[in-house]
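Worksheet for the structure shown next.
Just so you know, all these numbers are worked out from the coordinates, no wet-lab data involved. Computed from a predicted model, the values in this text were never measured in an experiment. Heads up, the Cβs are rebuilt from the backbone with ideal geometry, glycines too, and the neighbour counts pull from every protein chain shown.
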Amino acid sequence: MSSPYGPLSPGGEIGAMSVETQVHYRIMSITHAEFLRSLQPLKQHYRYAIDNEGGRIVISGHRLSVEIRLGTERESELGALKMPSTRVELILRGEDSCETERFWSRFDLCFRRGGG
């Protein structure tokens, strides 16, 4: 049985809306401090809390929540060039695919760098 608010459980109660969870991993050439600094523009659109000791950031929006886990800072070498390297895990939970796409667009914009 269903209702306009979602499927009914066997007991007849209205079930929760479907929340999709996505897990993404990125290896980014960035330190934790640079990552947090680069994330600042997201404050215009979302609330977020930072756990510096655990390397964890929790972002909340209207119909989306994102947990970011920063891995251990490492150093990558490319010949004589040494660059920081951090594994970033992003866990997105939301029921609105448009809001998820908007988040990715804003997130990627925070880390876009100009070059010449």
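Can you tell me how much longer the chain between L81 and V23 gets when fully stretched, taken as 0.36 nm per residue apart minus their C-alpha distance, in nm with one decimal?
Difference between extended and current length: 17.8 nm.
Pop a pseudo-label 7 angstrom from the Cα along the beta-carbon direction at both W104 and T31 and give the gap in nm to one decimal.
3.1 nm
Percent relative contact order of the range 17-110, based on C-alpha pairs within less than 8 angstrom and at least six residues apart? Before the final figure, lay out the partial values.
Numbers: 154 pairs, mean separation 34.9, N = 94.
Relative contact order of the range 17-110: 37 percent.
Let me know the shape class of the range 46-116, please: from the alpha-carbon gyration tensor, a ≥ b ≥ c as square roots of the eigenvalues, rounded when a/c is under 1.5, otherwise prolate if a/b is greater than b/c, or oblate.
It comes out oblate by the Cα gyration axes.
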